[in-house]
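Heads up, the thing below is written out as structure tokens.
The values are calculated or read from the model by the stated rules, or taken from the named source; none is laboratory data. The structure presented is a predicted model; accordingly, all values stated were derived computationally and were not measured. Note that each Cβ is placed from the backbone with ideal geometry, even for glycine, and that neighbours are counted across all protein chains shown.
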Amino acid sequence: DEIGDAAKKLGDASYSFAKEVDWNNGIFLQAPGKFQPLKALKAIDKMIEMGAAADPKLLKEAAEAHHKAIGSISGPNGVTSRADWDAVNAALGRVVASVPKAKVMAVYDSVKDITDPKVPAYMKSLVNGPDAEKAYQGFLEFKDVVAKNQVTSASAPAVVPSGDKIGVAAKALSDASYPFIKDTDWLSDIYLKPLPGKTAPQTLKAIDKMIVMGAKMDGNLLKAAAEAHHKAIGSIDAKGVTSAADYEAVNAALGRLVASVPKSTVMDVYNSMAGIVDSTVTNNMFSKVNPLDAVAAAKGFYTFKDVVEASQ
Ligand code: DGD
Ligand code: CLA
Ligand code: CLA
Ligand code: PID
Ligand code: PID
Ligand code: PID
Ligand code: PID
Ligand code: PID
């Protein structure tokens with residue numbers, strides 16, 4: 001297709017740049033400017049809306065392209081192969097083309113709003129400047145091809161199941177865990193802290209398992225879960241806590257999503273994450289909430305998971 005061909009030209013223009021970026025740099029975990037959680041949540045909300053509007057099949061293919069690209073990483077900078085670099089760009093270009101332009105620009109504008117204007121120049125200072133300029137020029141040509149192939153209206157909203165066993169179980173889980181949700185500090189910057197003692201390649205391996213799980217999920221249920229998160233963001237209070245009803249809808253949507261993939265795929269995520277998150281992290285989280293609320297929430301979760309497993 002045209003976007004695939006354009007991605008090859010983009011690769012010609014941008015792969016030198018890609019090789020120069022230190023993808024293992026811990027700086028990419030930091031906020032791109034002042035830490036402003038509510039504004040950042042707004043930007044993430046725009047990404048969720050864009051994801052929910054995208055063609056689920058193209059999203060799945062983009063996730064698969066990333067998984068493949070992780071497999072061809074080489075060298076100290078963590079760069080993927082030229083062919084996989086092109087394949088990721090092509091896949092993301094197709095995702096962008098599957099949503100209306102305004103949804104893409106809403107992401108750009110909201111991310112710009114949380115990005116210190118000095119950030120792009122600083123990023124450029126870490127690589128060979130002319131290679132960055134060449135890459136950007138390539139991006140400008142690529143985006144014209146994407147725009148030419150872009151839809152003008154969003155794909156249909158998800159079909160949301162109702163009256164199913166997971167939906168019923170989500171009510172009990174939510175009643176048991178909402179006090180714990182209210183104890184949690186959702187606006188803390190602690191969630192952007194590096195995992196103690198873990199390198200980027202180690203962390204990426206665990207993220208790869210999530211990408212694999214995402215690629216296997218039912219596309220309609222993933223869209224429904226994204227829509228539920230968007231709605232939940234719309235009802236947060238000053239501390240970032242969503243309403244009880246929206247929290248329940250998110251739990252139901254995520255339970256159905258988990259049930260749409262094999263158990264072993266879920267356990268691969270769990271086991272890989274357990275391998276990089278040590279007990280200092282979990283103990284620290286536990287120390288910040290009411291212990292009785294956390295125990296009640298955990299009990300609710302362990303009951304819920306049996307209902308999910310029964311529909312898996
Ligand atoms: C950049 C953009 C990259 C900067 C990276 C910051 C992004 C951080 C993302 C924050 C994450 C949010 C949360 C994630 C989840 C966390 C969970 C815990 O360097 C601009 C100005 C605004 C830049 C900020 C906006 C960036 C938006 C990026 C898209 C959002 C993606 C979402 C990422 C999130 C994660 C995804 C999963 O646009 O951009 C550089 C540009 O900066 C440079 O400016 C441009 C002008 O816009 C353009 O008009 C033009 O002037 C150009 O062109 C210069 O500069 C000139 C000529 O006109 C060209 O013809 C050509 O010759 C060129 O020069 C060659 O040099
Ligand atoms: Mg990505 C984008 C890393 C998985 C879907 N992703 C980005 C970039 C960053 C990144 C490079 C955001 C920061 C930025 O804009 O820098 N993703 C990244 C990693 C992983 C991952 C490390 C780990 C596996 N992503 C992943 C998965 C999905 C996505 C699983 C779902 C399928 N990701 C996704 C989308 C988008 C990203 C939809 C974006 O739109 C965003 C992005 O790239 O926006 C431009 C700048 C970007 C780069 C350095 C890479 C692109 C290089 C272009 C082609 C040329 C360079 C131009 C110029 C020099 C700088 C960019 C200017 C900008 C205004 C365009
Ligand atoms: Mg997420 C999970 C935040 C958007 C899909 N998501 C998580 C949690 C974290 C979170 C609370 C990961 C950390 C963790 O496990 O803590 N998501 C979060 C935010 C946003 C967002 C802030 C922003 C809008 N998510 C989002 C979107 C999607 C997803 C758009 C796609 C539709 N998310 C998604 C999935 C999963 C998450 C599929 C998970 O599996 C993971 C998760 O919750 O795993 C348990 C612990 C979790 C919590 C504090 C909240 C859940 C409370 C449960 C139900 C009860 C508490 C039990 C116990 C006390 C603690 C957990 C024990 C553990 C062994 C299970
Ligand atoms: C400027 C000036 C003009 C010239 C110009 C110019 C530049 C405009 C630009 C630009 C626009 C632009 C847009 C970009 C948009 C990037 C969008 C990224 C979206 C990320 C998402 C992440 C996610 C997911 C995901 C799917 C999940 C939801 C999420 C589901 C269902 C200034 C050059 C024209 C770069 C969507 C993917 C996993 C949230 O106009 O003179 O330069 O860049 O998890 O969905 O689960
Ligand atoms: C524009 C103007 C509007 C019209 C429009 C428009 C276009 C927007 C577009 C577009 C946005 C867009 C985004 C794209 C982003 C591509 C990002 C590619 C990233 C590739 C990576 C590859 C890799 C790896 C990997 C992980 C490793 C690092 C690597 C570590 C730690 C402008 C059409 C709406 C194409 C990250 C995955 C293996 C490098 O808005 O008027 O057209 O395209 O090895 O991580 O090692
Ligand atoms: C300039 C002027 C214009 C011309 C121009 C220009 C240059 C702009 C530039 C540039 C922008 C730019 C951006 C770059 C962005 C790279 C983003 C990489 C993201 C990597 C990640 C990696 C990671 C992980 C991971 C998970 C870990 C955390 C991490 C945990 C818990 C100035 C040329 C346009 C290079 C996200 C995945 C392992 C961080 O604009 O005239 O030159 O470069 O380790 O999670 O640990
Ligand atoms: C233990 C001991 C026994 C008792 C037991 C026990 C506990 C097991 C447990 C547990 C397992 C478990 C699993 C959990 C799994 C969480 C999975 C999260 C996945 C997140 C994803 C994120 C993403 C995306 C997304 C889609 C994108 C890709 C991504 C596309 C196409 C120990 C109790 C049985 C919690 C997939 C969603 C946006 C990456 O066994 O005696 O306690 O918890 O962006 O894909 O866009
Ligand atoms: C298990 C054992 C196997 C069988 C199995 C199994 C099950 C795994 C499961 C499962 C995993 C799972 C995960 C679920 C996670 C739910 C997470 C809910 C999160 C809700 C949030 C709500 C909110 C917001 C929001 C953003 C705000 C904060 C809030 C800010 C900054 C165990 C079946 C495979 C259900 C985050 C979105 C508005 C709080 O593996 O043998 O069954 O379920 O307001 O952000 O303000």
Region 76-99 - residue that is out of contact with any helix residue (DSSP H, G or I) (no Cβ under 7 Å at 6 or more places or on another chain) and more than 16 Å from ligand 6 (Cβ to nearest atom) and, of those, nearest to Trp23 (Cα to Cα) | Ser81
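Could you list, in sequence order, all residues of region 91-113 that are assigned to a helix (DSSP H, G or I) and either more than 11 Å from ligand 2 (Cβ to nearest atom) or at pLDDT below 95 (or both)? Before you say what the answer is, go through the steps one by one.
Residues of region 91-113 assigned to a helix (DSSP H, G or I): 91-97, 101-112.
Answer for region 91-113, where residues must be assigned to a helix (DSSP H, G or I) and either more than 11 Å from ligand 2 (Cβ to nearest atom) or at pLDDT below 95 (or both): Ala97, Lys101, Ala102, Lys103, Met105, Ala106, Asp109, Ser110.
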Among the residues of region 97-117, the number that are more than 8 Å from ligand 4 (Cβ to nearest atom), closer than 13 Å to Asp45 by Cα and hydroxyl-bearing (Ser, Thr, Tyr) is 1
Could you list all residues from region 88-129 that are within 9 Å of ligand 5 (Cβ to nearest atom), of a type in the set (D, E, K, R) and either surrounded by fewer than 15 Cβ atoms within 10 Å (Cβ to Cβ) or within 22 Å of Gly11 (Cα to Cα) (or both)?
-> Lys101
All but one of (1) surrounded by 15 or more Cβ atoms within 10 Å (Cβ to Cβ); (2) more than 16 Å from ligand 8 (Cβ to nearest atom); (3) under 23 Å from Phe139 (Cβ atoms) hold for Ala43, so report the exception by its number.
-> (2)
So which residues in region 252-270 are in contact with a helix residue (DSSP H, G or I) (Cβ under 8 Å, 6 or more places away or on another chain) and loosely packed, with under 14 Cβ neighbours inside 10 Å, if there are any at all?
-> Pro262, Lys263
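Among the listed residues Ala310, Ala296, identify the single one that is of a type in the set (A, V, I, L, M) and surrounded by 14 or more Cβ atoms within 10 Å (Cβ to Cβ).
It is Ala296.
Table: residues versus (1) at negative phi; (2) in contact (Cβ under 8 Å) with a residue 60 or more places away in the chain; (3) within 16 Å of ligand 4 (Cβ to nearest atom); (4) of a type in the set (Phe, Trp, Tyr).
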| residue | (1), (2), (3), (4) |
| --- | --- |
| Phe142 | yes, yes, yes, yes |
| Ser155 | yes, yes, yes, no |
| Lys171 | yes, yes, no, no |
| Pro179 | yes, yes, no, no |
| Leu195 | yes, yes, no, no |
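This table checks each residue for (1) under 17 Å from Asp45 (Cβ atoms); (2) within 12 Å of ligand 8 (Cβ to nearest atom).
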site	(1), (2)
Gly234	yes, yes
Gly240	yes, yes
Ala252	no, yes
Val258	no, yes
Met267	no, yes
Asn271	no, yes
Met285	no, no
For the subset of region 158-216 comprising residues that are within 13 Å of ligand 2 (Cβ to nearest atom) and of a type in the set (Val, Ile, Thr), which member is nearest to His230 (Cα to Cα)?
-> Ile211
Out of all the residues in region 162-176, which are at pLDDT 95 or above and closer than 21 Å to Gln312 by Cβ?
-> Asp164, Lys165, Ile166, Gly167, Val168, Ala169, Ala170, Lys171, Ala172, Leu173, Ser174
Restricting attention to region 17-64, the residues that are more than 21 Å from Val79 (Cβ to Cβ) and among the hydrophobic types (A, V, I, L, M, F, W, C) number exactly 15
Please list, ordered by first then second residue, the pairs with beta carbon atoms under 8 Å, 6 or more apart or interchain, first in region 116-139 and closer than 18 Å to Asp22 by Cβ, second outside any helix (DSSP H, G or I) and near ligand 6 (Cβ under 6 Å from one of its atoms).
-> Leu126/Val21; Val127/Val21
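Every residue, every condition in (1) modelled with pLDDT under 95; (2) among the aromatic types (Phe, Trp, Tyr); (3) closer than 30 Å to Ala253 by Cα; (4) more than 16 Å from ligand 3 (Cβ to nearest atom), yes or no:
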position	(1), (2), (3), (4)
Asp1	no, no, no, yes
Trp23	no, yes, no, yes
Leu59	no, no, yes, no
Gly71	no, no, no, yes
Arg82	no, no, no, yes
Asn89	no, no, yes, yes
Helices (runs of 4 or more DSSP H) wholly inside region 147-251 that include at least 2 residues being more than 13 Å from ligand 3 (Cβ to nearest atom) and buried (at least 17 other Cβ atoms within 10 Å of the Cβ) = 200-216
Looking at (1) more than 16 Å from ligand 4 (Cβ to nearest atom); (2) closer than 30 Å to Ile73 by Cα, which is the one condition that is false for Lys239?
-> (2)
Residues in region 257-312 that are more than 16 Å from ligand 4 (Cβ to nearest atom), closer than 26 Å to Ala228 by Cα and outside any helix (DSSP H, G or I) total 4
Inter-residue pairs, beta-carbon under 7 Å, first of a type in the set (Asp, Glu) and in region 1-27, second surrounded by 20 or more Cβ atoms within 10 Å (Cβ to Cβ), 6+ apart | Glu2/Val145
